[in-house]
Each structure stands twice: as structure tokens, then as C-alpha cells.
1. Top to bottom by accessible area (1.4 Å), largest first, where do Val165, Val139 land?
2. Counting Lys and Arg as +1 and Asp and Glu as -1, what is the net charge of the other residues whose Cβ lies under 11 Å from the Cβ of Leu160?
3. So, with a 1.4 angstrom probe, what is the percent of accessible area on region 33-174 that is carbon and sulfur?
4. How about region 88-136: which chymotrypsin sites (Phe, Trp or Tyr not before Pro) there are in a DSSP loop, with at most 15 other Cβ atoms within 10 Å of their Cβ?
5. Straight-line reach from Lys128: which lysines have Cα under 29 Å away, leaving out those fewer than 8 places along the same chain?
6. Can you tell me which aspartates and glutamates have their Cα less than 16 Å from the Cα of Lys64? Leave out same-chain residues fewer than eight positions away.
7. Hey, can you find the accessible area per residue of region 20-174 for me, probe 1.4 Å, expressed in square angstrom?
8. Could you sort Phe68, Phe41 by accessible area so the largest value comes first, with the probe set to 1.4 Å?
Amino acid sequence: MRRILFFLLLIVLLNACDKEKYYNVDKNTWFLMSENDTIVFYSENLVDSFYISNIQEYYECVDKDNYFQHLDIYLDKIGLDATHNTWNCNVLRNHKSIQVNWINFYGSANYSYDNFILYQIEDREFNKVFKMDNFSQYVSDLDVKALYYTDLYGVIAYELYNGEVYEIDLNCLP
């Protein structure tokens, strides 16, 4: 009888141990562009462009048993200096949130409680778009005030504090 109780207790204790959990980015919302792709943005008067210099995919151990998959996208500026944002733009994404870092711009969105909006460029509608407002301190009229992000294409538009809006050239999209 003791052996049976011992083995039952052992089985219960082994099953109670924490198991590793992996939280993956949904493959149906995976970024469709590739490294070395060029992205062009147009405003009324100016052109701005970037290329995708690096895309990294990795797991981060958040605590001893939970692993979050990350997708990091690095954009390097190659176009006209239409904004003060001549530095790289980094998009950091996991299964529950997005964070965008750009010189004098910081924005984030959370899949759990931020609402998607509809955004239209020419005759193409993008659904499931996050509008991210700048959380950084206002510095200049040429800094980014807000940007529009979609999982499949990344940043599709951004607005400067001076009111100038840049939208992605639809020919750049796959």
C-alpha cells in the first residue's frame, strides 16, 4: 500500500512541475517583406526611403519556463532627410505587443487592449492597423508625431508634427 501511495504521490508531483511554454508570433500575421527590400514613402512634396537591413527572430526566456518569440525589424534610412529621423527605425514585436523606436519617437501597441483602425492609401484599404502616438517629448516640427503600423507590412505611414504625412508606395509591397 505504501508503494502505491508513494508512486501516486510521485506521479502527482512530477505532473505539477512547470513545463516550458512557448508563445509564438502568429505565422498568419508574419512580416511579408525581406531583408534588403526598399521601402519608399511619399508626402505631398517629398520622398523618404529606407531599406530593411536586418530581420531577427529569436526566443526570450521571460522567466524560467516562459519563452516569447520575438521578431525584430531594422530599417536603415537611405532617402532624403525629410525628417530629423535619420537614424534607424526598429520594430520589436512579440505575440502580444509591438514597440517602435526611432530617434525622438517611441510608440507601442498591445494586441489585448489597443483597437485596430482602418487606413486607406489611394484605393487600397489596410485593416488591422495600429496608430501609435509618440510618447517621447516633443522636440521639433520635423519629428514623427504618429505612425501607422500593420503586422504584414510594418510601418505604412507616418505623420510629422508639422502636419506632413508620408505614406508607403504601394508598389513596394509584396
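1. Val139, Val165
2. Details: positive: Lys145; negative: Asp48, Asp141, Asp143, Glu159, Glu164.
The answer is -4.
3. Roughly 44 percent of what the probe reaches on region 33-174 is carbon or sulfur.
4. On the way: sites: Trp102, Phe105, Tyr106, Tyr111, Tyr113, Phe116, Tyr119, Phe126, Phe130, Phe135; in loops: Tyr111, Tyr113, Phe116, Phe135.
Hits after loop and neighbour filter: Tyr113, Phe116, Phe135.
5. Hits, sequence-local ones excluded: Lys21, Lys27, Lys77, Lys96, Lys145.
6. Qualifying aspartates and glutamates at Cα under 16 Å: Asp18, Glu20.
7. Values: 8280 Å² over 155 residues.
Roughly 53 Å² per residue, with all protein chains present.
8. On the way: Phe68 30, Phe41 5 Å².
Largest accessible area first, the list is Phe68, Phe41.
The values are calculated or read from the model by the stated rules, or taken from the named source; none is laboratory data. No experiment lies behind these values; they were computed from the predicted model shown. Neighbour counts run over all protein chains shown; Cβ positions are idealised from the backbone, glycine included. To get the accessible areas, we keep the full protein, side chains included, count just its heavy atoms, and leave off ligands, DNA and RNA. Shrake-Rupley method; radii C 1.70, N 1.55, O 1.52, S 1.80 Å.
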